[in-house]
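Asker: Take a look at the following structure, please.
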Amino acid sequence: MYFQEVPNNQAFLIRCITGSAYVIGVDINPRSENYKRYFKYEINANSREQVFIPPNIAIGFYSLENQTVLTMKTDIPFMASKLRRFNCFDKTI
């Protein structure tokens, strides 16, 4: 799971070009009533759906097929110095 720290946290628009995958998100905003709760959403190339992930959500992906390709658009540029990660199997989530 990854995110950019405040004030550089990003929103994402994710689409599946080929294959299928789960998009997983975890609310990382300590002031949110959903803090540390997660969601998952399956996207695939056939549905042509897109998933919007707002800021303050850590994201991860799980490919369900070989050759899965996802595209992401962000509202602000990627900044490697602000990138933070945590293990998706963290027991505190």
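The values are calculated or read from the model by the stated rules, or taken from the named source; none is laboratory data. Keep in mind that what you see is a predicted model, and the values were worked out from it rather than measured. Here the Cβ is made from the backbone with ideal geometry for all residues, glycine too, and neighbour counts use every protein chain on show. To get the accessible areas, we keep the full protein, side chains included, count just its heavy atoms, and leave off ligands, DNA and RNA. Shrake-Rupley method; radii C 1.70, N 1.55, O 1.52, S 1.80 Å.
Asker: Scan the range 43-56 residue by residue and report those that are open to solvent by 60 Å² or more (accessible area, probe 1.4 Å) and farther than 25 Å from V6 by Cα.
Answerer: Matches in the range 43-56: N46, R48, E49.
One line per residue, one yes/no per condition, for (1) in contact with a Leu (Cβ under 7 Å, 6 or more places away or on another chain); (2) surrounded by 13 or more Cβ atoms within 10 Å (Cβ to Cβ); (3) not in a loop (DSSP other than H, G, I, E, B):
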position	(1), (2), (3)
A58	no, yes, yes
Q67	no, no, no
L70	no, yes, yes
K73	yes, no, yes
F78	no, no, no
S81	no, no, yes
I93	no, yes, no
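Asker: Any residue at all in the range 30-42 that is over 22 Å from N8 (Cβ atoms), open to solvent by less than 70 Å² (accessible area, probe 1.4 Å) and over 13 Å from the mean Cα position of the chain (by Cα)?
Answerer: No, the conditions are met nowhere in the range 30-42.
Asker: Which residues, counting only those in the range 1-29, are of a type in the set (A, V, I, L, M, F, W, C), surrounded by 15 or more Cβ atoms within 10 Å (Cβ to Cβ) and farther than 14 Å from I93 by Cα?
Answerer: Correct list: F3, F12, I14, C16, A21, V23.
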